[in-house]
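Asker: Structure incoming, see below.
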Amino acid sequence: MNILLIYPEFPDTFWSFKHALNFVGKRSALPPLGLLTVAAMLPPDWPRRLVDTNVHGITDQDLAWADCAFISAMVVQRESAKQIIDQCRTAGVRVVAGGPLFNSEWESFGAVDHFVLNEAELTLPPFLDDLRHDRPQRIYATDQFADLRHTPIPQWDLLELKRYVSMNIQFSRGCPFNCDFCNVTTLLGHRVRTKTAEQIVAELDPLYALGWRGNVFFVDDNFIGNKPYVKNELLPALIRWRKNKTGNAFFTEASINLADDAPLMDQMVEAGFTKVFIGIETPDEHSLAECSKVQNGNRNLVEDVKRIQRAGLQVQGGFIVGFDHDQPSIFQRQIDFIQKSGIVTAMVGLLQAPAGTRLYERMKQEGRLCAQSSGDNVDGTTNIIPAMNLDALKEGYRHILEHIYSPEHYYRRLRTFLREFRPPRTRPHIQCSDLLALFRSFYHIGIVGRERFHFWALLAWTQVRRPRLIPEAVTLAIYGYHFRKICQRHVV
């Protein structure tokens, strides 16, 4: 049976980095890890192809070849997924769907033949067995959680590696915390399940053998959810692996309590980690308590961020406005926090209630749900009726984005970060795409960009004060170019 694995297109969003991709000559930020893992679970005698529509479109030849199309998507890919499903149906190709979008909204996709929901390690094998015997059911679901020690190595050879900025792997699933707006625990549970350190090395080895020397994103929702195993097994294994490897750098997501563990941060840097995304959410203690973000409460969050930066990890931050306890002062407080902390990549969104979360159920009971969640963190929409006047909330939100991504304040914040950041002694080697980005930034930002004065002033300042950080300065200037495009499109 010929299997066509299809990944829908991402819209132009904060994390798509579409406007930054042009600087490095790439088509997509990350490949579809879920589909690559599913591909590795298919019967070995079934031919398979991957079509990532972020890289290239689906052709008539693809559909004519396929007996079955496997589609996986996140909520933000909803519209592209619908179009692809229609294409497959028109071509007479059987459609199988899974992933976060379909876990929460499968009833909205009547044209899908079969749903393989929840964790594929558990629901895909019975579907494949039934499909092989021509008796497939429409829905395969489970309330159990998979043992990741049996998860196969993603089938990296299906990718056109040169089309991507970063690769991605998964070490763990689940999160010990209980933030009420987050659907991670709904989908993956509170108990943190991990692969072994040997599995992670076994996933990295073939990527390296294929010639990959770029960034690798550990997609875990909380990389330090199982601290003892990370410190005692995984990071030592990564440190050993990197001794004979050059070029790869890692980044991930973690909770703010990372700042409390200096040895852990040192280990992460030695293992090759350079960035970490942290959900800061809000500087307001009442709003943190409201959303059960207990791990962020009663802390000096600005100092926590700086401690992580000084350890050698760039902090990317997530922020939210629109909590019931938010007062009109919250907009300036968010601005002040972001600027003081030096979080250059600051994702600020209106509060949304994804299906399946405790927030969703509370809003439903209170009659405050008004739409589906868009899945886009910075499109200026919300699917709930906020306690604050909606017009005031949107105006305050617009003010935040106009401020933090204006060239003046963005480049000022970038300098704040560069003053604090202490990079490791060994740096990833320079690739051709890095040189391409440098020269294109000179033209698109330094000559025709409205931020050109700030750009050249930053490079001059960095060359004098922190010359080793020129690559970070250029990269973050390019990020700022992308973020401004997103803000102009969605908010301003």
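Read-outs throughout are calculated quantities, based only on the coordinates presented, and are distinct from any laboratory measurement. Computed from a predicted model, the values in this text were never measured in an experiment. For neighbour counting, all protein chains shown are included, and Cβ atoms are generated from backbone atoms with ideal geometry for every residue, glycine included.
Asker: Collect residues whose amide H, placed 1.01 Å from N in the peptide plane, falls under 5 Å from the amide H of V95; neighbours closer than 5 in sequence don't count.
Answerer: The answer is A69, D113, H114.
Asker: Name every cysteine in the chain that ends up alone, with no second cysteine's Cβ under 4.7 Å, or say none.
Answerer: Result for the chain is C68, C88, C175, C291, C370, C432, C487, no neighbouring Cys Cβ within the cutoff.
Asker: Provide the packing ranking of 342-354, 84-96, i.e. peptides ordered by the mean count of other C-beta atoms within 10 Å per residue, highest first.
Answerer: With the highest mean Cβ count within 10 Å placed first, the list reads 342-354, 84-96.
Asker: Something else about it: If I compute volume of the Cα convex hull per residue in Å³ from the structure I just sent, which labelled value in (i) 174; (ii) 157; (iii) 143 lines up?
Answerer: Label of the calculated value: (iii).
Asker: How high is the relative contact order of the chain? Use alpha-carbon pairs under 8 Å, at least six apart in sequence, and give a whole percent. Could the numbers behind the result be given before it?
Answerer: Numbers: 860 pairs, mean separation 66.5, N = 492.
Relative contact order here is 14 percent.
Asker: What length, rounded to one decimal in nm, is gained on full extension from A111 through to C370, with 0.36 nm per residue of separation minus their alpha-carbon distance?
Answerer: 90.7 nm is the gain from fully extending A111 to C370.
Asker: For a quick check: with amide H placed at 1.01 Å from N, whose amide H comes under 5 Å from E253's, ignoring anything fewer than 5 positions away on the same chain?
Answerer: It is D220, F223, F277, by chain and number.
Asker: Pairs of alpha-carbon atoms within less than 8 angstrom and 6+ residues apart define the contacts here; what relative contact order does region 362-427 have, in percent? Please report the intermediate quantities before stating the final value.
Answerer: Details: 25 pairs, mean separation 12.6, N = 66.
The normalised contact order for region 362-427 reaches 19 percent.
Asker: Can you tell me how region 350-492 classifies by the Cα gyration tensor, rounded, prolate or oblate, using a/c under 1.5 as the rounded cut?
Answerer: prolate
Asker: Under a cut-off of 26 Å between alpha-carbon atoms, report the lysines in cross-link reach of K243, not counting same-chain residues fewer than 8 places apart.
Answerer: The reachable lysines, counting only those whose Cα sits under 26 Å from K243, are K162, K195, K227, K231, K275.
Asker: Which residues' amide hydrogens lie under 5 Å from the amide hydrogen of I139, considering only partners 5 or more residues apart or on another chain, with H built in the peptide plane?
Answerer: The list, which skips near neighbours in sequence, is F115.
Asker: Taking a spot 7 Å from the Cα of A40 along the direction of its beta carbon, which residues of region 111-129 have an amide N less than 13 Å from it?
Answerer: Correct set: 121.
Asker: Also, quick follow-up: Classify region 165-420 as rounded, prolate or oblate, taking a ≥ b ≥ c as the square roots of the eigenvalues of its Cα gyration tensor: rounded when a/c is under 1.5, otherwise prolate if a/b is larger than b/c and oblate if not.
Answerer: Prolate, since a/c reaches 1.5 and a/b exceeds b/c.
Asker: Divide by every residue of the chain the summed helix terms, -39500 (n - 2.57) for each DSSP H run of at least 4, and state the resulting mean residue ellipticity at 222 nm, rounded to the nearest 500 deg cm²/dmol.
Answerer: Calculated from helices alone, the mean residue ellipticity at 222 nm is -12500 deg cm²/dmol.
Asker: How far, in nm, would the chain grow between I430 and D266 when pulled straight, counting 0.36 nm per residue and subtracting the alpha carbon separation?
Answerer: 56.7 nm
Asker: With only Lys, Arg, Asp and Glu charged, each at its Cβ (+1 for the first two, -1 for the last two), find how big the charge dipole of the chain is about the Cα centre; round to the nearest 20 debye.
Answerer: Details: 56 positive and 54 negative charges, 421 e Å.
Computed charge dipole of the chain: roughly 2020 debye.
Asker: Hey, another quick one. Points 7 angstrom from Cα along the Cβ direction at D147 and R240: gap in nanometres?
Answerer: 2.3 nm
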